[in-house]
Amino acid sequence: MSSLTFPILQVLADGNFHSGEALAQQFKVTRATIWNAVKHAETLGVEVFSVRGRGYKLPQAIELLDKNEVLKAIGEQRAWFKLEVLDEVASTNTYLMQQKGAAHATCVVAHVQTHGKGRRGRTWISQLGASLTFSLLWRFQCGAAALSGLSLAVGVALIRALMSLGVNNAQLKWPNDVLVDGKKLAGILIELQGDLEGPSAAVIGVGFNLNLPKNVLESIDQPAIDLTTIKQINQSELLGVLLKHLADVLSSFEAHGFIGLRNEWLRYHAYENKPVRMLLPDGRDVQGMVKGVADDGILLVETALGLQRFSAGEISLRGLE
Ligand code: ATP
């Protein structure tokens, strides 16, 4: 990869034309080197217009993360976090899972995530300047067995963060997608490390749509929405506020478990008492009426077979109305 790609993208972020010559002078390299670095950006899915006589330009201005702004927005708890901003990574979750000795509350955020992951091998789509993708490592004294309900707890933190930024109509789809108007705004992927008895650690991955181009949103195989459609929020501020609320919720989860957050989770639940379809891994499909969640985050659904319990690994939920 070219180490100049991101410094050049920082310049192009203003959305204006920058000539190859001016960029070459600024970075003290040849125009061919600039051209190669721009080509590398294209392999990352970043579209760069190149116009003879005018230079290079992004289709629109983009806003890149500013570490100081993130720390400012976290507020008092900023000292808890170790924030690492990467230009480019395959997956922030995979990267953090591989950092064996990483400190508690390490947050890795990437400008570009090339192989973002969803649950069960699915893909998370993101783009430079149009998505917020980060992972947070949280260490627990308890074992991984006691972490059921964690992914629901994380959903509560995301909703609290959105509400504090003035977005009041976000809801949760069990176990933890964030929806607005029934469309997916953010996804969460949690991977656990450690023993069942403890101690354990969770890598909490979050993907947030900021302002994805229409064709990208439409290419996603389920209804999706981005934050700009709802409200203009600076992504550094968004990340800081998310981390602040994650710190609060994860501390409460560690002290009391999901039970202390359950009633709040139910208030945000998009499909409470609604008819749903559950997609099973073998392709079968069960219909039923959602009847809340248990104290450990298990989904309760009234089906033709009576009240059934589903754990997060078992099904994907879809609304029926
Ligand atoms: P569930 O969490 O209920 O199993 P899910 O299909 O939403 O279902 P996830 O693993 O949470 O699964 O997320 C991956 C899925 O999300 C992808 O298969 C795709 O349908 C969708 N998706 C991928 N990228 C985005 C995005 N940027 N915005 C919204 N949805 C996306």
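The values are calculated or read from the model by the stated rules, or taken from the named source; none is laboratory data. None of these values were measured; they are calculated from a predicted model. Here Cβ is always computed from backbone atoms with ideal geometry, including for glycine, and neighbour counts include all displayed protein chains.
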Here is a list: 313, 283, 297. Which entry is outside the structural domain of residue 161 (by TED's automatic domain parsing), surrounded by 21 or more Cβ atoms within 10 Å (Cβ to Cβ) and either without any contact (Cβ under 8 Å) to a residue 60 or more places away in the chain or not in a helix (DSSP H, G or I) (or both)?
297
Restricting attention to the stretch 262-280, and to residues there that are assigned to a strand (DSSP E or B) and surrounded by fewer than 18 Cβ atoms within 10 Å (Cβ to Cβ), which single residue is modelled with the lowest pLDDT?
279
Among the residues that make up the stretch 74-88, is at least one of them within 17 Å of the chain's Cα centre (by Cα), in a helix (DSSP H, G or I), surrounded by fewer than 18 Cβ atoms within 10 Å (Cβ to Cβ) and assigned by TED's automatic domain parsing to the domain that holds residue 139?
no
In the stretch 205-236, which residues are assigned to a loop (DSSP other than H, G, I, E, B), farther than 18 Å from residue 117 by Cβ and within 13 Å of the ligand (Cβ to nearest atom)?
210, 211, 213, 223, 225, 226
Check the stretch 236-247 and report whether any residue there is assigned by TED's automatic domain parsing to the domain that holds residue 156, of a type outside the set (A, V, I, L, M) and surrounded by fewer than 15 Cβ atoms within 10 Å (Cβ to Cβ).
no
Could we say that residue 219 is of a type in the set (Gly, Ala, Ser) and crowded, with 17+ Cβ neighbours inside 10 Å here?
no
Answer yes or no as to whether residue 45 is more than 21 Å from residue 88 (Cβ to Cβ) and either surrounded by 13 or more Cβ atoms within 10 Å (Cβ to Cβ) or not β-branched (Val, Ile, Thr) (or both).
no
